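Have a look at the structure below before the remarks.
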Amino acid sequence: MNKPWTLVAALVIMPGIAYFTSTTTLEIVATTTGLLSVWLTAREKIWAWPIGLVNVACFFYMFYEVKLYADMTLQVFFFILSIYGWVIWLTKRNGAEVRPTRRISPRLAGILLVALFAGTGIWGYVLATYTDASIPYPDAFIAMLSLIAQMLLSYKILENWYCWIVVDVLSVGMYLYKDLNMLAFLYVIFLCIAISGLITWKKQQEVATWESAGLD
């Protein structure tokens, strides 16, 4: 999975997917950088973060143009968390390219679960009361879970992939419901990469555990 030819293949295939699912140059750049960033993240490559920052900036401008200010604001949080993740991944590496993967603690999992439902309730209420959102609570749930997933990713916690998988599955359903078929297809690709990321990170963590225990 980490052989050079896989990166070459990704650089060829991903712009093709971006061209197929996008209509403007900005959308093509946003889609390409988004796919490449997630793909590199799944392979624990530090270049995922600077490419991800370009992706977030593209989406910020896209949402600003179409006056989707809630989604635009979400990109600000993603931008901050991406910078933070870039720094965190470069700490405590012990000679490796990036820091080792960690597992979530029960305490943090409980706090995030409460935050997920509380945030969904508040955000969904605001959307339902003050906007013309068609599916405010599902939309709020996906947004909140995306923020949590991004935070876990920044800390290099394995469980971020479970969150992203749920986000991708729900997003596919939501976009199909809204007849945004190309966007739904794009999130199917994201889902496949997220599953690959979960498998890869688990294997890397197991190898690291065996080596630290002297089992290699």
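Derivation of every value follows stated rules applied to the coordinates shown; laboratory data play no part. Predicted model, so just to flag it, every value in this text is computed and none were measured. Cβ: placed from backbone, ideal geometry, glycine included. Neighbour counts: every protein chain shown.
Among D168, D139, D132, the ranking by other beta carbons within 10 Å of each residue's beta carbon, starting with the fewest, stands as D132, D139, D168.
Take the Cα of Y162, step 7 Å toward its Cβ, do the same at L90, and the gap between the two points is 3.1 nm. Site pair A133 and A118 shows an inter-label distance of 1.8 nm when each label is modelled 7 Å from Cα along Cα→Cβ. Using the Cβ-Cβ distance between K178 and I83 with R0 = 35 Å, the FRET efficiency computed as 1/(1 + (r/R0)^6) comes to roughly 0.65.
Computed from Cα atoms alone, the Kirkwood hydrodynamic radius reported for segment 4-210 is 17.7 Å.
From helices alone, the chain scores -27000 deg cm²/dmol at 222 nm; the rule is -39500 (n - 2.57) for each run of n ≥ 4 DSSP H residues, then divide by the residue total.
Per-residue extension of 0.36 nm, minus the Cα-Cα distance of F185 and T25, leaves a gain of 55.7 nm for this segment.
Helix 4-21 and the longest principal axis of the C-alpha atoms of the chain enclose an angle of approximately 0°.
Note on the chain: Lys pairs 8 or more places apart or on different chains, Cα atoms under 23 Å apart, count 14. Here the gap between T73 and E206, fully extended at 0.36 nm per residue and compared with their Cα-Cα distance, gives a gain of 44.1 nm.
Near the amide H of I104, within less than 5 Å, lie the amide hydrogens of L158, E159, all on another chain or at least 5 residues away, with H placed in the peptide plane. To the nearest ten degrees, helix 106-130 and the longest principal axis of the Cα atoms of the chain are 20 degrees apart. Using C-alpha pairs below 8 Å separated by at least 6 residues, the relative contact order for segment 1-151 is 15 percent. The angle between the Cα long axis of helix 25-42 and the longest principal axis of the Cα atoms of the chain comes to about 30 degrees, rounded to the nearest 10. Extending 7 Å from the Cα toward the beta-carbon at both V126 and R107 defines two label points whose distance is 2.9 nm.
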